[in-house]
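Report on the following structure.
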Amino acid sequence: MSEQKGLTAKLPLKVLTPLALVLPVVVVVGIIGVVVYFQGQAAARSLEIRGVEQVHGRIGDRLSSLLDGPPRWHALVESNIQSGALDVATPRSWRLPIYQQRHAFDTALAGVTWGDPEGRAFWVFRYPGKPRWEFGILDDRTEGQLIEYPMLPSGEVVFDEGRVSDFDPRTRPWYRLGEAAGVAGAWGEPYAWATGGKSGALNLGLPFAAAVHDPQGALLGVLDTELSLADLSNFLQSIKIGRSGLAVITDRRGRLIATSTGATLADDDLERISALGSDDGDIHAMAQRLLELFPEGTGSPPTQWTGDVTLERGEALMSVSAFKHRQGLNWVVMTAVPTADFTEEIDAIRAQGIKIILSAVAVTLLLGMGLAAWLVRPVLRLTSHARQVGAGDLDSTLELNQASELVVLSSEFNSMTAGLRERLMLRKSLAHASEVQQSLLPNADPELPGFDIVGHCNYCDETGGDYYDYLTDAETDERGAAVVIGDVMGHGIAAAMLMATARGVLRSKSQEGVGIAPLLTHLNRLLVEVTGGMKFMTMLIANFDPETKHMLWASAGHDAPIIYNPEDDSFREPEGGGLPLGVMEEEVYEPAEVEHLSPGTIVLIATDGMWETRNEADEMHGKERLQASIRRHANKTSAEIRDGLLHDLHAFRGKGPQDDDETFVVIKVTKFA
């Protein structure tokens, strides 16, 4: 039977290869011409959305930074009060220290106000639109009235320009807010205050207030650090929002907080104006668009929404997101940028992209046609050799001599093959090492009357430097069972070998029935001999007595056990321990004792991987989060606590890498023997 052959089978490869390169490129050129036109609008839309979302994100970031100012200034002043640097009995003396602190904070902050239960008051304040700061004082020397003086840039007071007014801090909204919020502090609703006495203009202020107490818990007064809504609007005006965009901030009831357009925030009766009720047509249009999308109102926007809006100035893209800040702020931020702001730039990018594509196509055609025939033979040889390697033949070599690049290519290919051989051998070795190291860990948790004990170890590499083990009363001279946990400096094979050595020495010496502290002393001397003091590891041994419910423990540079007593919701880390193992041969370790662990008590013995792991934002998990996790799962069994701790740890880390081993043992006191 004759074999049917197509046209391509009759053509030599040196002819077929250039044709195969040229024809697809020609087709691609035609397709690109059509696709670029139709895809241009989609690409432009994508760039516009990204542009407005980036602008919106910058506003949120800068707003967060601005709103961090009042709590930080509050914390600084409160610390000065608690340390005695500011005397609550003589608030008049605070003027210069507070005034000098202003340089450390955003210039949009209005100032600091203080009031105490006796009716004394103090402030250092900057009113919107005024160049100078004001010093206000109401104390025993002002005869029951508030006197407000202008201040020179040096901080000195112009006493002959003082303004007198009636004032009682205890009746002010910020004072009541601080009393209710306590020491934690809270943001309050905007409220009206006068600019410079009875004859001054009225403004809206945004207070952050908190109570200040003495060490006995008695109220010393209320401290208020403020922003003015006028300055907040000026802050928005200072941010570049495209070329002609605008930004609006409202509360969850839709009332205006600040705008970049300078729109009026309150009517003549100081009633707050809503975005829907604003005289500014663009602000009204943005609020109306948000209401159409979310009929529940601006109190329920998504995390972030971006879409079209029709403003008085024309079509625009609008981005909306919820904005929350510590101590109670809950706002909505709306940003709109006219589409025209993006059009010119997007058109330029589109034209540049088309030029690049056409240039790349032309270069590809020329190079393909010129080099295809010359590259045919080495490509075929390379393909054949790649098939051999893919089939598992890692011993064959490739020789290409047509050009220096191909010589380098064949050399690199041979090096890659050799590297594959080495990696396969290394992977097998690491797999065996991992199996051996896993076999060194306990295959079961001990059963000890009155204690529920569960351990866990998860290495970040194939092999690790963490270790935990259990010793029975037959292996030590203490009654009960002992938990051993160790952490070798570093990771990998070297750390695993040192860990295995330490385990072997510990197991061997424990057969002599010595105490936990002598075990560490003996192990330390041997490790110094083995490593010459160049490698070290930490270790902790804790023995639990089922009769006395005492914990006897000894530490070689390891973090102390974390002990949680749910009866009084307290954590403690007992003090004790010596140098890490392998550092100093003469080190002698001493035991420490924690007496009578009550039922329900949880003891966590862990390596630093449990609190030093970091999330994608490079924040450390920390012992405070670990303690919160222990408290959250305290009413569960040790196995459930273990699972809960791991779940919380992994949820915190998110998609970030595991950079350290995770090893810990949970001991829960269940009942008396």
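The values are calculated or read from the model by the stated rules, or taken from the named source; none is laboratory data. The model shown is predicted, which means the values in this text are computed figures rather than measured ones. Neighbour counts run over all protein chains shown; Cβ positions are idealised from the backbone, glycine included. Calculation scope for accessible area: heavy atoms of the full protein, side chains included, ligands and nucleic acids excluded. Shrake-Rupley method; radii C 1.70, N 1.55, O 1.52, S 1.80 Å.
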Please go through region 527-554 and give me each residue that is touching a strand residue (DSSP E or B) at 6+ places or on another chain (Cβ under 9 Å), modelled with pLDDT of 85 or more and open to solvent by 10 Å² or more (accessible area, probe 1.4 Å), ordered by number. Val528, Phe536, Thr538, Asp545, Pro546, His550, Leu552
Failed item, numbered, when Ala184 is tested on (1) in contact with a strand residue (DSSP E or B) (Cβ under 7 Å, 6 or more places away or on another chain); (2) open to solvent by less than 10 Å² (accessible area, probe 1.4 Å); (3) closer than 27 Å to Asp68 by Cα: (2)
Quick check on this structure: which one of Arg642, Arg625, Arg631 is more than 23 Å from Asp466 (Cβ to Cβ) and in a helix (DSSP H, G or I)? Arg631
Please tell me if Arg313 is more than 30 Å from Ser411 (Cα to Cα) and modelled with pLDDT of 75 or more. yes
With respect to Leu579, determine if the residue is modelled with pLDDT under 95 and either under 36 Å from the mean Cα position of the chain (by Cα) or open to solvent by 60 Å² or more (accessible area, probe 1.4 Å) (or both). yes
Are there any pairs, at least 6 apart or on different chains, whose C-beta atoms fall under 6 Å, with the first in region 83-98 and closer than 22 Å to Arg126 by Cα and the second surrounded by 15 or more Cβ atoms within 10 Å (Cβ to Cβ) and polar (S, T, N, Q), and if so, which? Leu86/Asn80
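A quick yes/no check of all residues on (1) out of contact with any Cys (no Cβ under 9 Å at 6 or more places or on another chain); (2) crowded, with 21+ Cβ neighbours inside 10 Å; (3) at pLDDT 95 or above:
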| residue | (1), (2), (3) |
| --- | --- |
| His596 | yes, no, no |
| Ile602 | yes, yes, yes |
| Thr613 | yes, yes, no |
| Ala617 | yes, no, no |
| Gln658 | no, no, no |
I need every pair where a residue in region 60-79 that is farther than 15 Å from Glu226 by Cβ has its Cβ under 8 Å from the Cβ of a residue that is open to solvent by less than 10 Å² (accessible area, probe 1.4 Å) and not in a helix (DSSP H, G or I), sequence separation at least 6 or different chains. Gly60/Val333; Leu63/Ile249; Leu63/Val333; Glu78/Ala210; Glu78/Val212; Glu78/Leu223
How many residues are open to solvent by less than 30 Å² (accessible area, probe 1.4 Å) and not small (Gly, Ala, Ser) if we restrict to region 148-168? 6
Scan (1) closer than 24 Å to Ser598 by Cβ; (2) open to solvent by less than 10 Å² (accessible area, probe 1.4 Å); (3) of a type outside the set (Lys, Arg) for the single condition Leu649 breaks and write down its number. (1)
Can you find, within region 246-258, the residue that is nearest to Gln288 (Cα to Cα) among those that are in contact with a strand residue (DSSP E or B) (Cβ under 7 Å, 6 or more places away or on another chain) and open to solvent by 20 Å² or more (accessible area, probe 1.4 Å)? Arg255
Going through region 112-134 in order, the residues found to be of a type in the set (Gly, Ala, Ser) and more than 17 Å from Leu177 (Cα to Cα) are Gly129
Hand me the list of strands (runs of 3 or more DSSP E) wholly inside region 119-227 holding 3 or more residues that are within 39 Å of the chain's Cα centre (by Cα). 121-125, 191-194, 202-213
Could we say that Gly111 is under 23 Å from Asp68 (Cα atoms) and either in contact (Cβ under 8 Å) with a residue 12 or more places away in the chain or aromatic (Phe, Trp, Tyr) (or both) here? yes
Filter result (of a type outside the set (A, V, I, L, M, F, W, C) and either touching a helix residue (DSSP H, G or I) at 6+ places or on another chain (Cβ under 7 Å) or on the phi > 0 side of the Ramachandran plot (or both)) within region 650-670: Gly654, Asp660, Asp661, Glu662, Thr663, Lys668
